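One structure below.
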Amino acid sequence: MFRFTNNRKARTMQVRSIQITVLILYAVSVCSFAYTSEYESYGNRDPFVPLVGVDPLESAAMGEGVILSVNDVFLQGVVIGVDGRNSAIINGEVMMVGSVKDNMTVESIENNSVKVKIADRVHEIMLYTE
């Protein structure tokens with residue numbers, strides 16, 4: 001790419017062009033690391049955050065963990081199976097009728113609600129309200 005000659009002026013120009021090339025590459029790399037993009041949700045759920053498989057340490061830090069009351073239960077989704085076996089995503093876990101977590105048992109799963117039994121009381125949790 002560069003030919004080295006004995007001419008002092010030519011050598012100086014070669015060194016300058018190498019220095020400028022290195023400086024441009026450095027500037028481009030610094031600019032690319034300085035730019036960060038952030039997802040603007042505009043009130044919607046971030047589609048890149050998984051609904052299922054939340055890290056246990058992260059969920060414990062958010063106050064989730066042991067289910068003590070109906071206030072600790074978060075219904076995130078309902079899956080209606082063609083074979084009649086419905087599933088619900090509760091606190092980041094896929095659960096079916098009869099599933100048990102802590103002192104909560106899933107009693108039934110409907111299209112937009114789930115009935116859970118906590119401390120011998122049955123509670124209906126709605127996925128959304130119309």
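No value in this document is a laboratory result; all are computed from the given coordinates. Fair warning: this is a prediction, and the values are worked out from it, not measured in the lab. Because the Cβ atoms are built from the backbone with ideal geometry, glycine has one as well, and the counts that use them run over all protein chains shown.
Worth a mention:
- The stretch between S113 and Y42, if pulled fully straight at 0.36 nm per residue, gains 22.9 nm over its current Cα-Cα span.
- A Förster distance of 25 Å, applied to the separation of the beta-carbon atoms of L68 and V122, puts the FRET efficiency at 0.95.
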